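The numbers here are math on the coordinates, done by the rules we state, and not lab data. Since the model is a prediction, treat every value here as computed from it, not as a measurement.
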């Protein structure tokens, strides 16, 4: 099945997709809920840094 974003401008770079995929995989297999939340929070931080760098660069 093909993924269609809600809005055309909602495309992710390969780096962003890798951060998301890794976080989902690692959070799903984390030993505790707290570990899963830490993993998710770290991924959100990485995505925010990526977005800030894109804004500063472009």
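Pairwise Cα distances in the range 14-57 exceed 17 Å in 33 percent of cases. Give the relative contact order (percent, whole number) for the range 14-57; include only Cα pairs under 8 Å separated by 6+ residues. RCO, the range 14-57: 38 percent.
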